[in-house]
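Undergrad: One structure follows; several queries about it will come next.
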Amino acid sequence: MTLVVHDTLQRRKVPFEPLEPGKVRMYHCGPTVYSPAHIGNMRSFLFADVLRRWLETSGYEVTQVMNITDVGHLRDDDPDHGADKMEQAARAEKLDPWQIAAKYTELFMHDLRALRFRLPQCFPRATEHIPQMIAQIERLIAKGHAYVVGHEVYYAVESFPRYGALSGNQGDDLIAGARVAVHEAKRDPRDFALWKHDPAHLMQWDSPWGRGFPGWHIECSAMSQQYLGTTFDIHTGGEDNIFPHHECEIAQAEGASDAPFVRYWMHARHLKLEGGKMSKSAGTFYTVGDLVEMGHAPEAVRFLLIRSQYRQVLNFTLDGLAEAAGSIRRLRLFEAELLERADGAAPGEPPAWVAEAVRRFDASMDDDLNMSGALDGVFTLLNEGHRHQPKGADAASALSALRRFDEVFGVLPLDASSGPDDAEVDALVNEREAARAAKNWTQADRIRDRLQEMGIELLDGRSGSRWRRL
Ligand SMILES: [Zn+2]
């Protein structure tokens, strides 16, 4: 079977073939770290995680890069001269933009771990790649794709006839669609800033055009090519990135290098919350942290965000979340049951019902990551497993199929990734032992309670305490 993916540029499903056999290089537009990511953002990040996991399960060696935008992403109503989102947050929180970036990057990493991401190998930060951006802008100027006005540089859209091919926006649509504010400095209202000048901006770098800062779009073309090469396999993002961001990335990357930029463009659709738009004022706006605080397990959030196909609009509801938690419980119980039934046996030739579930799962995943079809495969295995009551090698085959499915879903193992690591638990257990030895019972109980909150059970014995994860 071959993986087939929907390429936004060709507007159809096409067989996936990497540039280099056996290897896949992919890039995802990461967060702008000025606030906590909401679950709509997370859906698009998780789509990339599922894609990467399926490629790895299929035997590819994957290099995944996700950038961190920490400068230059201006408010959408005026992308050339509006307020920088980082600076706005800095003013609101009485911090500097670097502190804002550090704070929300850390929170983002925490969310990724809680949602059990396979972390991208590289998270380049825009502020650490200014020289690469300047170099790309210089190439664009040299090739006639960009022009300097005072201390600023603009991309000359007219010089790149393919502009608009990804989004389908053409001519006048493009102007109206971009909601561009027309600045006199621009030769064409479609042109966009590559390097900006604003003496009041808090983050500034020297450049051949004076002190200033980069535009948001140039960040991603410069950083993706830096780590993945001039041409790479897959660029993913949310559908809201298609225009103008990804359209601009293509114009920059291909304008500067004269080589194709990306072989497959894949975009996740947006998310609805309880059937409507996410809205802070209506209370329908969640971050991962909000949901965890409400008592939901992060893996249930993960499961709900990935269980429908990425090109379908997803309706996220709290009922759906409870259902997702129920599904995970059923799968974990099934896993435990199979483990017991296998009783240490090695998997044999899979019985027909296991082979059929695997076939369904694989065919669905290969069909443009059809997760709802893949989930049918998973629950076929579960239902047939209950019917057949396998033992020994058959149970072991079913168990290995289930675990292979979970390479993609990533919800089965009890919380190890987001919970405390062994060393952390050991340290607390030792601390409690010391408190007990000193007959400081309040302190010892306090530590025991804290461990319990972390999902750790203590087994007190004569030779000290052992522990296990609940
Ligand atoms: Zn980007």
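Every number in this text was worked out from the coordinates using simple rules, so none of it is lab data. Note that the structure is predicted; figures quoted are calculated from it, not measured. Every residue, glycine among them, receives a Cβ derived from its backbone with ideal geometry; neighbour counts consider all protein chains shown.
Undergrad: Run the numbers on region 19-268 and let me know its relative contact order in percent, using alpha-carbon pairs under 8 Å that are six or more apart.
TA: Values: 425 pairs, mean separation 60.9, N = 250.
24 percent.
Undergrad: Still on this structure, please answer the following. If neighbour count is taken as other Cβ atoms inside 10 Å, put Trp441, Trp195, Trp98 in order from fewest to most.
TA: On the way: Trp441 10, Trp195 26, Trp98 15.
So the ranking, lowest neighbour count to highest, is Trp441, Trp98, Trp195.
Undergrad: Cα centroid distance between region 45-70 and region 202-259, in Å?
TA: Cα centres, region 45-70 to region 202-259: 19 Å.
Undergrad: Please state the relative contact order of the chain as a whole percent: Cα pairs under 8 Å, 6+ residues apart?
TA: Details: 759 pairs, mean separation 77.4, N = 470.
So the answer I get is 16 percent.
Undergrad: Output needed: percent of Cα pairs per 10 Å distance bin for region 273-409, bins running from 0 to the one holding the longest distance.
TA: It works out to 12, 37, 29, 16, 6, 1, in whole percents.
Undergrad: When DSSP assigns beta bridges and you keep just the ones with both residues in the chain, what percent turn out antiparallel, to the nearest 5? Can you show the working numbers first?
TA: Numbers: 25 of 47 bridges.
Around 55 percent antiparallel, to the nearest 5.
Undergrad: So, one more: For region 422-469, what is the per residue volume of the convex hull drawn over the alpha-carbon atoms, in cubic angstrom?
TA: Given the Cα convex hull of region 422-469, per-residue volume reads 62 Å³.
Undergrad: While we're on this one: Taking the number of other C-beta atoms within 10 Å as the exposure measure, put His217, His129, His81 in order starting with the fewest. Working shown, then result.
TA: Working: His217 24, His129 20, His81 15.
Fewest-to-most ranking of His217, His129, His81: His81, His129, His217.
Undergrad: Sticking with this structure for a sec: What relative contact order, as a whole-number percentage, does region 1-67 give when Cα pairs under 8 Å and 6 or more residues apart are counted?
TA: Working: 59 pairs, mean separation 24.4, N = 67.
Dividing the mean separation by the residue count of region 1-67 yields 36 percent.
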